[in-house]
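A.B. asks: Please find one structure pasted underneath; my questions will follow.
The values are calculated or read from the model by the stated rules, or taken from the named source; none is laboratory data. This is a predicted model, so every value here is computed, not measured. FYI the Cβ positions are ideal-geometry reconstructions off the backbone, even for glycines, and counts take in every protein chain you see. All accessible areas refer to the heavy atoms of the entire protein, side chains included, with ligands and DNA or RNA removed. Shrake-Rupley method; radii C 1.70, N 1.55, O 1.52, S 1.80 Å.
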Amino acid sequence: MPDSRAIVILTGAGISAESGLETFRSADGLWAQHRIEDVCTPEALARDPALVHRFYDLRRAALNNVAPNPAHEALARLEREHRGSVLIVTQNVDDLHERAGSRNILHMHGALNSALCAACGDRGPWQGSLPPGSVCSICEAPSLRPDIVFFGEIPYEMERIEEALAGADLFVSIGTSGAVYPAAGFVRMAGALGVETLELNLEPSSGSGWFDECRHGPASRLVPVWVDELLAAS
Ligand code: BV8
């Protein structure tokens with residue numbers, strides 16, 4: 001019987017770590033250099049727009065120096081070859097899933113290569129630095145900001161994510177510490193709906209106890225092995 005299970009995959013900073021992008025909560029991670037309150041809240045943006053815009057400018061520029069790793073590539077192969085649906089819900093704001101060839105992706109915390117107009121709400125592609133006061137091409141207000149979901153703001157695509165979880169046969173969490181909600185609650189939502197759950201992470205996360213199965217190690221090794229297993233059983 002071919003495997004046509006619907007798969008929902010949540011990814012976090014850990015899947016991009018081996019591509020050279022910093023995670024958030026490791027000892028030398030992004031938050032170690034900046035307090036969350038200083039760069040990832042609406043209050044921080046209002047208090048010091050230059051600091052917040054520069055924090056995201058630096059991370060947008062870093063995308064030019066990194067490439068997808070075998071974990072991103074394995075997920076793109078899964079989407080191409082698996083008979084059932086494969087949806088990536090990523091907390092990451094990098095474009096490595098896209099560059100690896102994945103297409104069915106929801107960026108629930110926004111994206112570095114996008115700008116948001118604080119005046120009219122338009123979101124559009126953005127390359128290069130985004131200084132405070134950049135002008136929106138739609139409403140012409142000097143109100144463009146990084147298209148990032150800050151703490152206290154509502155993540156994108158929550159309805160589509162909840163629908164996908166309700167219709168999933170398998171929920172896989174890759175490279176996330178399970179520290180940030182609502183993403184950290186998806187495993188419990190899935191489990192309560194009878195969805196099978198798997199964690200692939202370097203080490204046990206805050207939510208490991210909620211998963212049916214956990215495998216620990218680097219994503220660039222674990223993810224291709226898991227995808228090979230799943231496709232071989234198809
Ligand atoms: C909201 C912006 C209301 C993008 C980010 C319930 C309880 C408690 C608090 C809350 C709650 N509900 C809401 C909150 C408040 C808050 C929250 O969760 N606070 C936390 C700190 C307690 N949440 C919010 O404010 C959210 N908004 O809830 O609105 C709402 C909700 C639903 C519906 C309606 C209304 C908004 C949260 C978004 C905040 N923005 N970032 C950016 O700057 O990049 S969060 C930030 O953390 C990133 O998005 C990041 O993705 C996210 C999670 O971090 P991880 O990706 O997990 O990264 P981390 O470093 O933590 O972990 C890396 C993992 O990888 C580790 O486990 C490590 O072991 C592993 N790893 C490392 N190397 C490898 C590896 N794994 C495999 N291989 C490797 N090589």
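A.B. asks: Taking a 1.4 Å probe, which of His82, His34 shows the most accessible area, and what order do the others take after it? Mind showing how you got there, number by number?
C.D. replies: Details: His82 10, His34 55 Å².
Result, largest first: His34, His82.
A.B. asks: Please identify, among His107, His97, His216, the residue showing maximal mean-square fluctuation in a Gaussian network model of the chain using a 10 angstrom Cα cutoff.
C.D. replies: Looking only at His107, His97, His216, the biggest GNM fluctuation is shown by His216.
A.B. asks: Just need log10 I(q)/I(0) for the range 112-175 at q = 0.26, 0.27, 0.28 Å⁻¹, Debye formula, equal scatterers on the alpha-carbon atoms, no solvent, rounded to two decimals.
C.D. replies: The Cα Debye sum returns log10 ratios of -1.09, -1.13, -1.18.
A.B. asks: What FRET efficiency, computed as 1/(1 + (r/R0)^6) with R0 = 25 Å and r the Cβ-Cβ distance, is obtained for Asp3 and Glu163, rounded to the nearest 0.05? Present the calculation step by step, with values, prior to reporting the outcome.
C.D. replies: Values: r = 22 Å, r/R0 = 0.87.
For R0 = 25 Å, the calculated efficiency reads 0.70.
A.B. asks: Around Glu196, what is the net charge, scoring Lys/Arg as +1 and Asp/Glu as -1 over all other residues with Cβ under 15 Å from its Cβ?
C.D. replies: Summing Lys and Arg as +1 and Asp and Glu as -1 gives -3.
A.B. asks: Next question. Could you pull out which residues in the range 108-133 have an amide N less than 15 Å from a spot 7 Å beyond the Cα of Glu140, following the Cα-Cβ vector?
C.D. replies: In the range 108-133, the label zone of Glu140 (backbone N under 15 Å from the point 7 Å along Cα→Cβ) covers 120.
A.B. asks: For the chain, what is the Kirkwood hydrodynamic radius in Å, using each pair of distinct C-alpha atoms?
C.D. replies: On the way: mean 1/r = 0.0545 Å⁻¹.
Radius from the Kirkwood sum: 18.3 Å.
A.B. asks: Same structure, new question: Compute a Gaussian network model of the chain, connecting alpha carbons closer than 10 Å, and tell me which residue from Cys120, Cys40, Cys214 fluctuates the most.
C.D. replies: Comparing Cys120, Cys40, Cys214 in the GNM, the peak value goes to Cys120.
A.B. asks: Please identify the helices of the chain, taking whole runs of DSSP H, that span at least 15 Å along their own axis as judged from the Cα atoms and have a mean Kyte-Doolittle score of -1.0 or higher. Numbers along the way, then the final one.
C.D. replies: Values: long enough: 49-62 (20 Å, -0.22); 70-81 (16 Å, -0.94); 219-232 (19 Å, 0.91).
Both cut-offs are met by 49-62, 70-81, 219-232.
A.B. asks: To the nearest 10 square angstrom, what accessible area does Phe150 show with a 1.4 Å probe?
C.D. replies: 0
A.B. asks: Using the 2.2 N^0.38 Å rule of thumb for compact globular proteins, work out how the range 110-234 stacks up: its C-alpha Rg over that value, please. It would help to have the intermediate numbers written out before the result.
C.D. replies: Values: Rg = 18.6 Å, N = 125, 2.2 N^0.38 = 13.8 Å.
Relative to the rule-of-thumb radius for its length, the range 110-234 sits at 1.35.
A.B. asks: Which of these, Leu58, Leu198, Leu78, has the largest mean-square fluctuation under a Gaussian network model of the chain (Cα springs below 10 Å)?
C.D. replies: Per the Cα network of the chain with a 10 Å cutoff, Leu58 tops the list.
A.B. asks: With a bin width of 10 angstrom, please list the P(r) values of the range 1-122 as percents of all Cα-Cα pairs, from the 0 bin to the one holding the largest distance.
C.D. replies: With 10 Å bins starting at 0, P(r) equals 12, 39, 31, 14, 4, 0.
A.B. asks: Calculated from DSSP H runs of 4 or more alone, at -39500 (n - 2.57) each and per residue, what is the 222 nm mean residue ellipticity of the chain, nearest 500? Walk me through the intermediate numbers first.
C.D. replies: Working: 10 runs with 79 residues, N = 234.
Calculated at 222 nm, the ellipticity per residue is -9000 deg cm²/dmol.
A.B. asks: Still on this structure, I have one more. Order the following by accessible area, largest value first: Trp210, Trp126, Trp226, Trp31. Probe radius 1.4 Å; ligands, DNA and RNA are ignored. Please report the intermediate quantities before stating the final value.
C.D. replies: On the way: Trp210 140, Trp126 65, Trp226 10, Trp31 35 Å².
My answer, sorted largest first, is Trp210, Trp126, Trp31, Trp226.
A.B. asks: For Glu229 and His34, what does the FRET efficiency come to when R0 = 35 Å and r is the distance between their Cβ atoms, rounded to the nearest 0.05?
C.D. replies: Working: r = 39 Å, r/R0 = 1.11.
Computed FRET efficiency for Glu229 and His34 comes out at 0.35.
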